[in-house]
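Some notes on the structure that comes next.
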Amino acid sequence: MSKILVTGGKRLVGEVNIVGAKNAALGILPATLLCKGECVLENVPDISDMRHYETMLRKLGANVTKSADGTMTVDTKDVTPDAISEIEEESRMMRASYYMIGTLLGLFKDVRLPLPGGCDIGARPIDQHIKGFKALGATVDLKEGYIHAYADKLVGSRVYFDVVSVGATINVMLGAVLAEGTTTLENVAKEPHVVDVANFLNKAGAKIVGAGTDVIKITGVKRLNPVSYCVVADQITTGTYMVAAAATNGDVTIRNIIPEHLDSISAKLREMGAEVIEDYDSLRVIGHTPLLPTKLKTLPYPGFPTDLQQPMGVLMCVAKGQSAITETIFENRFKYVDELVKMGASVIVAGNTAVFNGVDKLTGCPIRATDLRAGAAMIIAALMAEGTSEITGVEFIDRGYDNIVNDLKNLGADIERIDS
Ligand code: UD1
């Protein structure tokens with residue numbers, strides 16, 4: 001079991017480069033299956049979810065190579081439907097395996113896989129994905145933990161999503177790019193990773209317009225071509241380092257990013273007293289004490305991302321006064337609060353709201369990452385705390401952060417990973 005040891009109290013100072021977005025890469029990797037031939041992907045994060053995807057692609061017959069600089073080539077010319085049943089194990093391990101369903105349905109018109117796994121942060125249904133597949137003409141059976149989607153052919157249609165869902169938007173887009181005719185997706189997610197997957201598909205020859213707005217239109221094409229593509233910078237990793245800078249009274253410049261993707265986080269950090277200075281492709285965050293209290297509500301983009309409420313909760317623990325977070329996306333995302341309370345925080349959770357009464361300091365102790373973003377929150381809490389913290393549940397952090405321990409060490413943190 002791996003653990004991360006952090007002794008708090010060090011200011012983070014310096015520069016950090018951000019790699020490609022997990023949530024974009026997880027949509028683009030399966031999309032390479034739609035482009036018969038060799039795609040070259042740059043800026044691919046080295047995280048465990050990507051490794052599961054690589055394994056799935058290889059098992060399906062793709063030739064995948066990776067280099068240390070984050071470039072990945074995926075040659076899908078020999079992929080056939082014969083090996084779909086061999087990727088069941090990986091499908092169960094991760095939430096984003098649902099993209100295999102849309103992609104393989106679009107490609108082979110028949111796919112049967114286990115329902116996806118992933119972090120336990122709420123019910124996480126896939127009814128909107130299924131609604132979209134059915135609208136395209138597929139029959140979808142759910143039986144004994146499996147989803148079986150099949151069709152003679154897929155035909156473009158109109159889909160109104162009842163909830164704004166990143167996964168459903170990307171998945172139905174993946175299913176629709178090779179369908180006959182035009183698909184209109186309404187009430188879609190507008191996250192930067194949704195736009196990035198659409199950009200990849202368009203570069204490969206798809207006809208998608210409207211990504212980044214509430215309505216996406218997809219005119220089906222007969223085939224996609226292999227392309228080279230650079231994955232967009234990770235909005236959530238960027239936000240995590242922004243919060244870490246503010247938490248440690250630091251001065252950190254975060255490079256290779258799109259500052260506009262961070263507008264909601266920059267706004268909240270400014271409200272809490274930090275300085276955020278934007279440049280063309282970087283952000284500098286300068287922390288100031290004391291931190292001021294604030295309120296935030298998680299919402300689909302461009303609202304405040306649910307993936308960053310846990311790191312923000314850590315800041316609220318020591319802000320001077322009362323702060324609150326209302327979580328509107330996932331009902332089970334306050335499990336991390338119990339760990340903060342162990343460190344001396346004063347937090348009360350009632351329904352989907354957590355109220356933080358600021359304390360003078362957090363104190364290091366053994367703490368556990370309860371999911372991926374809670375893991376990031378634990379690291380930030382430990383950086384801020386007095387004394388040493390031992391963080392377990394590192395496998396969750398590995399799902400989404402490429403090199404977080406080294407990045408923070410380079411910024412001056414007293415942090416070490418121990419793998420046993
Ligand atoms: C994606 C991200 C995750 C992020 C989340 C919200 C990936 C791989 N993961 O997760 O990091 O926290 O977006 O930004 O990109 N819902 C339904 N029915 C559905 C689908 C979703 O009711 O069919 C609900 C969910 O329960 C949730 C909300 O819609 O309440 C948003 O979920 P969604 O955007 O789909 O999240 P994921 O795609 O799972």
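The values are calculated or read from the model by the stated rules, or taken from the named source; none is laboratory data. Everything numeric here is computed off the predicted structure, so don't read it as measured data. Cβ coordinates were reconstructed from backbone atoms using ideal geometry, including for glycine residues, and neighbour counts include every protein chain displayed.
Descriptive notes on the structure:
- Just one of the listed residues (240, 253) is within 16 Å of the ligand (Cβ to nearest atom), under 22 Å from the mean Cα position of the chain (by Cα) and not assigned by TED's automatic domain parsing to the domain that holds residue 133, and it is 240.
- Any hit, the stretch 51-74, residues being in contact (Cβ under 8 Å) with a residue 60 or more places away in the chain and within 22 Å of residue 173 (Cα to Cα): no
- Being of a type outside the set (D, E, K, R) and either part of a strand (DSSP E or B) or touching a Ser or Thr at 6+ places or on another chain (Cβ under 6 Å) (or both) is a property that does not hold for residue 405.
- Verdict on residue 259 being in the same structural domain as residue 327 (by TED's automatic domain parsing), touching a Phe, Trp or Tyr at 6+ places or on another chain (Cβ under 9 Å) and more than 16 Å from the ligand (Cβ to nearest atom): yes
- In the stretch 127-152, of all residues being among the acidic types (Asp, Glu) and free of Cβ contacts under 8 Å to residues at least 40 places away in the same chain, the one that is farthest from the ligand (Cβ to nearest atom) corresponds to 144.
- The set of residues from the stretch 370-412 being surrounded by fewer than 23 Cβ atoms within 10 Å (Cβ to Cβ) and among the polar types (S, T, N, Q) comprises 388, 392, 403, 406, 410.
- Matching residues in the stretch 12-54 - criterion: being surrounded by fewer than 21 Cβ atoms within 10 Å (Cβ to Cβ), of a type in the set (Lys, Arg) and in a helix (DSSP H, G or I): 51
- When residue 367 is tested against (1) surrounded by fewer than 24 Cβ atoms within 10 Å (Cβ to Cβ); (2) within 30 Å of residue 26 (Cβ to Cβ); (3) free of Cβ contacts under 8 Å to residues at least 40 places away in the same chain, just one condition goes unmet, and that condition is (1).
- Top-ranked residue in the stretch 386-403 [being closer than 22 Å to residue 16 by Cα and more than 16 Å from the ligand (Cβ to nearest atom); ranked as modelled with the lowest pLDDT]: 403
- Taking the criterion of being more than 11 Å from the ligand (Cβ to nearest atom) and surrounded by 24 or more Cβ atoms within 10 Å (Cβ to Cβ), the residues of the stretch 166-178 that qualify are 173, 174, 175, 176, 177.
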